[in-house]
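Trainee: Can you keep this structure in mind? I'll have questions shortly.
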Amino acid sequence: MSDSGKKKKSLISWIFEFAAEKKWQYFASIFFALLSVSCSILPYLMIAKIVGQLLQGERDWNLFLRETGVVALFWLGNVVFHAISTSLSHIATFNLLGNIRKRMCDKLTRLPLGTVLDMPSGSLKSIMIERIDSMETTLAHIVPEYTSNIILSLLLLVYLFLLDWRLALASFAVLPIGFIAMCFMFKDGTARFNYALEKTKALNDTAVEYINGIEVIKAFGKTKKSYERFVEAAREGSACYVEWMRDCIWPHAVATVVTPSLLLSLLPIGGFMFLKGSVDASLFITVIILAVSAIQPFLIAFTYHDDIAKAGAIFGEVGSIMNLEELSRPKTDVKKPVDNSIVLKDVRFSYHKNKKGEEKKEILHGINMALPQGSYTALVGPSGSGKSTIARLIASLWDVDSGSVEIGGVNIKDLSLEEYNRRVAYVSQDNYLFDMSIRENIRLGRQNATDEEVEAVAKESGFYDFIQSLDKGFDTVAGGSGTHLSGGERQRIAIARAMMKNAPIVILDEATAYTDPENEAIIQKSVAKLVAGKTLVVIAHRLSTVKDADKIYVIKDGVIDSCGSHEELLSQGGLYKNMWEAHVESKDE
């Protein structure tokens, strides 16, 4: 269901949803926070009582000593209960933030690849790391302290009215001025914060783009011009905050000065009532002390308002990702495939909307294919014809718009992602290695594999000697995105990782695109041994690497131009023959 189709959740709903089994710690932290705030208020009541006793002529110093001892215990209780409350809320908060990140990561694995690719990496990283992290202080304090301070303020307000409603009204006579100032300060606050987030996202995206493209920028001497975009994004990112703060500074000054100044109205009005005999000195002093103490919890809660708005906006961003439409897959298999054959029936597909929200045209127009179990099938054709799109649909990285992709007679939409991932190994031309050792990157294919099994797969793949030639052999760190290795070396590791998975269906999408001809022949021979008996789908631009395929599908403009064996296609003439002749000519040259 889309984000617009779901009811917007409150901040508290988000907190308790992600808190999961740690909810009780939030409730416990609220309880201890109430005790803490109560212990901070009760000394004022004791002081009021002591002052009243002194005004009435009480001179029992032992009594005063006991009462001041009680005050000291209350202050101690305030510190102890606050420490317990804060500890519980921090434990719950760290668990909550961890749950958010884990659920977002799980969500990304269930989304169509196109949806993930349309998300700017800078924005996604900013949400999952910086912005979620920024909520730690807010959530650790907002739940216990905001809640407890608001409750205590209301209880004290009720108590003041019970003591004397006239003095209570006199105490809060200046509050309307403060509240009006707050209204001006919070005006359009959510819209402003969302706008600030938007500009921050743009800054992150521009920074990532600039860093990733620094090689091209330096090579073509466009450093100054390219840097201007980053400078402009940084300027807009800071300007929105500066403008926001400039508009709020005067209302904020009035609110913070006037709101706590209850004595401005209470002292003259209460003093007049005392002189007229309407109230006695003990009650007047008690109200003064309680009024000052009652406003403090409210002011503390007030300081969390901006943090609450920010947390709400961040949870809104998290929710917009969590509500994205997922791949249509059941949790358990509806039906078990009878074998590992692949059938595409009238498959149509488009990438829907691009990053600007514009509709994109249909890429595949009614593709029909039958790939028997254990067969070797090649997909060839001009660039942009739809070959890789077909491979990605078979790999279940996207869902078809219409038609179906079937494995063993079962629509892949009726198979769980876990079962499907077990059956299919996919190697793309854009291979990604994690910033860990070569051994661990290969082991990702089967995480319970032993070191000996990892090395055995490397030997069978023909990559063992190459890996051993690296500085630290299998313990060589690949670097972020595999940057410590060349494109061809990354591809070999990715192939070994796919072979380690030992899936019955293997898809190689230009898996040797960055490999030199000499090593390509070695890789082809090694891979041929490893995929024997498996259903193999290969996409290649070098036609000589797939001329031994059982069947070759020639794709052109999103439709099947022709299909057959290498010899059959050459005898038919047409696009394949032209491509083959061009390939042979380029090799001769």
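The values are calculated or read from the model by the stated rules, or taken from the named source; none is laboratory data. This structure is a prediction, so every number in the text was calculated from the model and none was measured. Note that each Cβ is placed from the backbone with ideal geometry, even for glycine, and that neighbours are counted across all protein chains shown. With ligands, DNA and RNA removed, areas are computed over all heavy atoms of the protein, side chains included. Shrake-Rupley method; radii C 1.70, N 1.55, O 1.52, S 1.80 Å.
Trainee: Enumerate the pairs (first residue in the stretch 132-161 and at negative phi; second residue anywhere and among the acidic types (Asp, Glu) and assigned to a helix (DSSP H, G or I)) with beta-carbon separation below 6 Å, excluding pairs fewer than 6 apart on the same chain, so at least 6 apart or on different chains.
Mentor: Within 6 Å, the pairs are 138/307.
Trainee: Tell me yes or no: at least one residue of the stretch 382-402 is within 30 Å of residue 11 (Cβ to Cβ), modelled with pLDDT under 90 and open to solvent by 40 Å² or more (accessible area, probe 1.4 Å). Lay out the reasoning, then the answer.
Mentor: Here is the first cut: in the stretch 382-402, the ones within 30 Å of residue 11 (Cβ to Cβ) are none.
Within the stretch 382-402, none of the residues are within 30 Å of residue 11 (Cβ to Cβ), modelled with pLDDT under 90 and open to solvent by 40 Å² or more (accessible area, probe 1.4 Å).
Trainee: With under 26 Å from the mean Cα position of the chain (by Cα) and surrounded by 16 or more Cβ atoms within 10 Å (Cβ to Cβ) as the only criterion, which of 94, 18, 74, 32 stands out? Give the derivation first.
Mentor: Numbers: 94 fails: surrounded by 16 or more Cβ atoms within 10 Å (Cβ to Cβ); 74 fails: under 26 Å from the mean Cα position of the chain (by Cα); 32 fails: under 26 Å from the mean Cα position of the chain (by Cα).
Within the list 94, 18, 74, 32, the selection yields 18.
Trainee: Among residues belonging to the stretch 424-444 that are modelled with pLDDT of 80 or more and in contact with an Asp or Glu (Cβ under 8 Å, 6 or more places away or on another chain), point out the one that is farthest from residue 493 (Cα to Cα).
Mentor: Within the stretch 424-444, the match that is farthest from residue 493 (Cα to Cα) is 426.
Trainee: Name the residue that is modelled with the lowest pLDDT, counting only residues in the stretch 445-464 that are hydrophobic (A, V, I, L, M, F, W, C) and surrounded by 16 or more Cβ atoms within 10 Å (Cβ to Cβ). Talk me through it step by step, then tell me what you get.
Mentor: Keep residues of the stretch 445-464 that are hydrophobic (A, V, I, L, M, F, W, C), which gives 449, 454, 456-458, 463.
Cutting the leftovers down to surrounded by 16 or more Cβ atoms within 10 Å (Cβ to Cβ) gives us 449, 454, 457-458, 463.
Values: 449: 86, 454: 88, 457: 84, 458: 84, 463: 78.
Once the filter is applied, the top-ranked residue is 463.
One line per residue, one yes/no per condition, for (1) of a type outside the set (S, T, N, Q); (2) buried (at least 16 other Cβ atoms within 10 Å of the Cβ); (3) at positive phi; (4) in contact with a Cys (Cβ under 6 Å, 6 or more places away or on another chain):
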| site | (1), (2), (3), (4) |
| --- | --- |
| 531 | yes, yes, no, no |
| 543 | yes, yes, no, no |
| 550 | yes, no, no, no |
| 561 | yes, yes, no, no |
| 567 | yes, no, no, no |
| 573 | yes, no, yes, no |
| 576 | yes, yes, no, no |
| 582 | yes, no, no, no |
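Trainee: Being part of a helix (DSSP H, G or I) and surrounded by 17 or more Cβ atoms within 10 Å (Cβ to Cβ) narrows it down to one residue among 299, 290; which is it?
Mentor: Values: 299 fails: surrounded by 17 or more Cβ atoms within 10 Å (Cβ to Cβ).
Criteria check complete, one pass: 290.
Trainee: When the stretch 35-71 is examined, which residues are found to be closer than 30 Å to residue 92 by Cα, open to solvent by 20 Å² or more (accessible area, probe 1.4 Å), at pLDDT below 85 and not small (Gly, Ala, Ser)?
Mentor: Across the stretch 35-71, the qualifying residue is only 42.
Trainee: For the stretch 529-559, how many residues are farther than 10 Å from residue 379 by Cα, part of a strand (DSSP E or B) and touching a strand residue (DSSP E or B) at 6+ places or on another chain (Cβ under 8 Å)?
Mentor: Residues in the stretch 529-559 being farther than 10 Å from residue 379 by Cα, part of a strand (DSSP E or B) and touching a strand residue (DSSP E or B) at 6+ places or on another chain (Cβ under 8 Å): 3 in total.
Trainee: May I pose another question? Would you pick out the residues in the stretch 245-280 that are among the small types (Gly, Ala, Ser) and within 53 Å of the chain's Cα centre (by Cα)? Before you say what the answer is, go through the steps one by one.
Mentor: Applying the first criterion (among the small types (Gly, Ala, Ser)) to the stretch 245-280 yields 253, 255, 261, 265, 270-271, 277-278.
Matches in the stretch 245-280: 253, 255, 261, 265.
Trainee: Which one of these does residue 474 not meet: (1) under 16 Å from residue 497 (Cβ atoms); (2) touching a residue at least 40 places away in the same chain (Cβ under 8 Å)?
Mentor: Of (1) under 16 Å from residue 497 (Cβ atoms); (2) touching a residue at least 40 places away in the same chain (Cβ under 8 Å), only one is false for residue 474: (2).
Trainee: To continue, here is another question. Identify, please: which residue in the stretch 477-489 is part of a loop (DSSP other than H, G, I, E, B) and crowded, with 19+ Cβ neighbours inside 10 Å and is, among those, modelled with the lowest pLDDT?
Mentor: The initial filter retains those residues of the stretch 477-489 that are part of a loop (DSSP other than H, G, I, E, B), namely 478-479, 483-486.
Retained after the next criterion (residues that are crowded, with 19+ Cβ neighbours inside 10 Å): 478, 485.
On the way: 478: 82, 485: 76.
This residue is 485.
Trainee: Restricting the search to the stretch 273-282, which residues are open to solvent by less than 40 Å² (accessible area, probe 1.4 Å) and either modelled with pLDDT under 80 or part of a helix (DSSP H, G or I) (or both)? Reasoning before the result, please.
Mentor: Start the filter on the stretch 273-282 by keeping residues that are open to solvent by less than 40 Å² (accessible area, probe 1.4 Å), which leaves 273, 279, 281-282.
Scanning the stretch 273-282 gives 273, 281, 282.
Trainee: Turning to a different aspect of this structure: Could you list, ordered by first residue, the pairs with Cβ atoms under 8 Å in which the first is in the stretch 43-54 and of a type in the set (Val, Ile, Thr) and the second is open to solvent by 40 Å² or more (accessible area, probe 1.4 Å) and in a helix (DSSP H, G or I), at least 6 apart or interchain?
Mentor: Partner pairs satisfying both residue conditions: 50/68; 51/285.
Trainee: Residue under question is residue 440, and the condition is that it be without any contact (Cβ under 8 Å) to a residue 60 or more places away in the chain, farther than 23 Å from residue 111 by Cα and out of contact with any helix residue (DSSP H, G or I) (no Cβ under 8 Å at 6 or more places or on another chain); does it hold?
Mentor: On the way: without any contact (Cβ under 8 Å) to a residue 60 or more places away in the chain: yes; farther than 23 Å from residue 111 by Cα: yes; out of contact with any helix residue (DSSP H, G or I) (no Cβ under 8 Å at 6 or more places or on another chain): yes.
Judged against the criteria, residue 440 is a match.
Trainee: Ok, one more. For residue 499, work out the one condition from (1) at positive phi; (2) at pLDDT below 85 it doesn't fulfil.
Mentor: (1)
Trainee: For residue 11, all conditions in the list (1) open to solvent by less than 60 Å² (accessible area, probe 1.4 Å); (2) farther than 27 Å from residue 142 by Cα; (3) modelled with pLDDT under 80 hold save one; what is the number of the exception?
Mentor: The failed condition is (2).
Trainee: Further question on the same structure: Can you list the helices (runs of 4 or more DSSP H) lying wholly within the stretch 91-203 that have 3 or more residues being at pLDDT below 80 and farther than 25 Å from residue 230 by Cβ? It would help to see each step written out before you state the result.
Mentor: Values: elements: 113-117, 121-125, 132-141, 147-163, 165-171, 175-186.
Here the list reads 113-117, 132-141, 147-163, 175-186.
Trainee: Only one of 297, 330 is in contact with a Lys or Arg (Cβ under 9 Å, 6 or more places away or on another chain) and not aromatic (Phe, Trp, Tyr); which? If you could, list the steps in order and put the result at the bottom.
Mentor: On the way: 297 fails: in contact with a Lys or Arg (Cβ under 9 Å, 6 or more places away or on another chain).
One residue alone meets the criteria, 330.
Trainee: List every residue pair whose Cβ atoms sit under 6 Å apart, with the two residues 6 or more apart in sequence or on different chains, where the first one lies in the stretch 490-507 and is assigned to a helix (DSSP H, G or I) and the second, anywhere, is of a type in the set (S, T, N, Q) and open to solvent by 20 Å² or more (accessible area, probe 1.4 Å).
Mentor: As it stands, the answer is 490/431; 491/431; 494/431, since those pairs meet every condition given.
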